[in-house]
Amino acid sequence: MCKFLFKDIVERAAFKSFFKVGQEFDSDFIYEVSFGFMPRLFRDTPEDRYLLMEEGDVTEIYFILKGDWAVAYNGYLTPGDGLILDQQDANGPEDMMREGRYIAMRRFNYGYIGDYYVLASKRS
């Protein structure tokens, strides 16, 4: 039943490595995980920009179905501190740059984040 209801997630090639564990080791894994599926929409605004923050508590796994998303890091340097970026891609929106946060990796559409930290009860 879970595979039928959540086929767009469970059977998507981008997520197969995550759900493979449940198929090989625990037949109830997909069933248990599916109770937590909730649709979310994050907008490209300063208030809605971050899914997870570094060193924050990670309580959810995000399965991203569409959109542009990125992984950023805190450089602890703001413009004017003498930071010279080697690549144009590191530049993010103005509010991120003011806070000293820079894009490390850009992704488009599918992906998932938070799996290890949630399953191992670790901080990000």
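Odds and ends about this structure:
- Residue match in region 42-49 (condition: modelled with pLDDT of 75 or more and within 12 Å of the chain's Cα centre (by Cα)): yes
- In region 42-61, the residues that are at negative phi reach residues that are of a type in the set (D, E, K, R) and at pLDDT below 80 with C-beta atoms within less than 6 angstrom, at least six apart or across chains, in these pairs: 61/115.
- Within region 21-41, if we keep just the residues that are surrounded by 10 or more Cβ atoms within 10 Å (Cβ to Cβ) and modelled with pLDDT under 75, the residue that is nearest to residue 72 (Cα to Cα) turns out to be 21.
- Selection of region 55-103 for residues being modelled with pLDDT of 60 or more and among the β-branched types (Val, Ile, Thr) yields 58, 59, 61, 64, 71, 78, 103.
The values are calculated or read from the model by the stated rules, or taken from the named source; none is laboratory data. This is a predicted model, so every value here is computed, not measured. Cβ: placed from backbone, ideal geometry, glycine included. Neighbour counts: every protein chain shown.
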